[in-house]
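*Asks:* Here it is, the structure, as structure tokens.
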Amino acid sequence: MHGRLKVRTTEEERERKKKEQALKVKAYKAATTKIYSKRQNHEYDDEMLAYTTPILQRNPDVSTLWNIRRECILAKIKQIKEEQTDTVDAEAQEERILRVLDTEISLTEQCLLVNPKSYNIWHHRMWLLEQSPKANWQREVMLCNKYLKMDERNFHTWDYKRYVVEKAQVPKEEELDFCTEKIKVNFSNYSSWHHRSLLLPALYPYEGNAKPKRPMSEDKLKEELEMVLTAAFTDPYDSSAWFYQRWLLGYSQPELAVCAFRSSKDKSVLSFTKPTTKQDLKVTLIGEGEGNKLEITDFETFNNQASDTMFYSHSQIENPLLYQHLELSSSSLKTHIMPLKTYKDDIYYFLPLDASTNYTPDVLEQLKTQLESCESLLEYEPDSKWCLLTSALLMRSIDSHQYHDKSLEYLKKLQKVDQLRENYYKDLASKWILQKTLWQWSKTEGDMLSTIDLSQEQQLSCLADKQYLVIADEILLSEELKQRYGTLKSFKDI
């Protein structure tokens, strides 16, 4: 164990321990042989419980023995229920079942003293409470608080606490206060920050129209940004607060939506921001005048799998230019109508990636203040990877176009400062470069769909969102990307 001096033992002491270990192994093998024999014979009795108890008290991580004990508990409960007669009332029967379960719950508490980070113990305790006709959920909340006082970072206890507070109907406000208290005791508490991230969206829901949605109301978001900055600067080398700040800045994941569409007379392509299936997929072209509609059918995935971001169809369209809107719906997407543009004899729709987020002035000011603080810290700690990465993310949140080059410089420096994650920073840089290129491409008038040129982007090492490219007639890539994405198809290739 860390922090403990290693005590050197004599040869005699080593020999004594070796003999002790041999006796324990022999006893363990004898007990497990007996246990498996009884299990094979379906003998789920008190003797079976007696054999498994001392083993689990010493080593509570033997999953099979907990499974066997569950079989014993179920057999006991079944026996109690079958013994019911006219002279045995339901209340007495329930009392006997509770005694069986409470005895087992007591065993889990003994085992938690041996290893409070055992998956098996917490899972078994959860299972027992689900079987109980009168589970004491408030007692379980107090148990969690007790163990989190002993170790506020024990994520096993945090997971279990999320389960029991819901059962005990503990107010979310009370849980948030508990989180705050634990964070004040120790900023380096990943579990508490994570628990907080689950509570805030429910307590302070975002009611604006921003797409994608914010994680919480902007007033609360400003407060959280202020709090996490204090935590991050208390210990700049601790990652927990930086991770939480990244969640606050980058919580919004792209919602499922159409990002690109193009139709010619003999084929159509359709791309989504996230993978989806073609279940109940309905794509309809709408023109002027009542009844001027055409449904495009028989869409297939590019990857020949059940789900994908890209779909194609070879349905025939006599004259695509007759249609001005695209109507789309599916089992996972509400009906949405999009305006279409024209390119030669084709029609298309394109929604570019945009990394910038429109915050309220107060939140934007807070982000700028945090960026200034990070920049100041970098003067003293120029190789702080968390500060470099957070600065780059803050720049993207404030104005991705204004800070594009500088944010890429920081990622380039991170590749040297944090070489173990070099490829991660390269991929992130590639994502940002592609976002800007697609945005610029969308502003091209006239021949937009003829060519998209990615061949001159030196830092572009991967294509994270290649589904946006499928509507182009020609995709120009560097030699490195050609080797990596040799199967990438343009609209002409389909």
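*Asks:* What about Ile471, is it β-branched (Val, Ile, Thr) and part of a helix (DSSP H, G or I)?
*Replies:* no
*Asks:* Which of the residues belonging to region 481-494 are more than 31 Å from the chain's Cα centre (by Cα), in contact (Cβ under 8 Å) with a residue 12 or more places away in the chain and either over 27 Å from Asp346 (Cα atoms) or open to solvent by less than 100 Å² (accessible area, probe 1.4 Å) (or both)?
*Replies:* Once the filter is applied, which keeps residues that are more than 31 Å from the chain's Cα centre (by Cα), in contact (Cβ under 8 Å) with a residue 12 or more places away in the chain and either over 27 Å from Asp346 (Cα atoms) or open to solvent by less than 100 Å² (accessible area, probe 1.4 Å) (or both), region 481-494 yields Ser490, Phe491, Ile494.
*Asks:* List the pairs whose first member sits in region 218-235 and is assigned to a helix (DSSP H, G or I), whose second member is open to solvent by 70 Å² or more (accessible area, probe 1.4 Å), and whose Cβ atoms are under 7 Å apart, counting only residues at least 6 apart or on separate chains?
*Replies:* Cβ pairs passing all conditions: Lys220/Tyr204; Lys222/Asp362.
*Asks:* Looking at region 358-401, which of its residues are touching a helix residue (DSSP H, G or I) at 6+ places or on another chain (Cβ under 7 Å), among the β-branched types (Val, Ile, Thr) and open to solvent by 40 Å² or more (accessible area, probe 1.4 Å)?
*Replies:* Thr360
*Asks:* Quick check: is even one residue across region 66-77 under 30 Å from Ser240 (Cα atoms), modelled with pLDDT of 90 or more and part of a helix (DSSP H, G or I)?
*Replies:* no
*Asks:* Considering Leu113, Leu198, which residue is surrounded by fewer than 16 Cβ atoms within 10 Å (Cβ to Cβ) and assigned by the TED database to the domain that holds Ala232?
*Replies:* Just a single option satisfies the conditions, and that option is Leu198.
*Asks:* Can you tell me which residues in region 402-455 are farther than 27 Å from Ile475 by Cα, open to solvent by 70 Å² or more (accessible area, probe 1.4 Å) and hydrophobic (A, V, I, L, M, F, W, C)?
*Replies:* Passing the criteria: only Leu420.
*Asks:* Only residues in region 383-400 that are in the same structural domain as Leu414 (by the TED database) count as the first member; pair them with residues that are among the acidic types (Asp, Glu) and open to solvent by 20 Å² or more (accessible area, probe 1.4 Å), Cβ under 9 angstrom, at least 6 apart or cross-chain, and list the lot.
*Replies:* Qualifying pairs under 9 Å: Trp386/Asp238; Cys387/Glu375; Cys387/Glu381; Ser391/Glu375; Ala392/Glu409; Ser400/Asp354.
*Asks:* Further question on the same structure: For Tyr349, which of the numbered conditions (1) surrounded by fewer than 15 Cβ atoms within 10 Å (Cβ to Cβ); (2) more than 25 Å from Trp242 (Cα to Cα) fails to hold?
*Replies:* (1)
*Asks:* Within region 362-382, can you find the residues that are more than 21 Å from Ser240 (Cα to Cα) and in contact (Cβ under 8 Å) with a residue 60 or more places away in the chain?
*Replies:* Asp362, Val363
*Asks:* Just to be sure, is Met150 assigned by the TED database to the domain that holds Ser63 and open to solvent by 50 Å² or more (accessible area, probe 1.4 Å)?
*Replies:* It is false that Met150 is assigned by the TED database to the domain that holds Ser63 and open to solvent by 50 Å² or more (accessible area, probe 1.4 Å).
The values are calculated or read from the model by the stated rules, or taken from the named source; none is laboratory data. Because the structure is a prediction, the values reported are computed rather than measured. A quick note on method: Cβ atoms are made from the backbone with ideal geometry, for glycine too, and the neighbour counts reach across all protein chains shown. Surface accessibility is based on the protein's heavy atoms, side chains included, excluding ligands, DNA and RNA. Shrake-Rupley method; radii C 1.70, N 1.55, O 1.52, S 1.80 Å.
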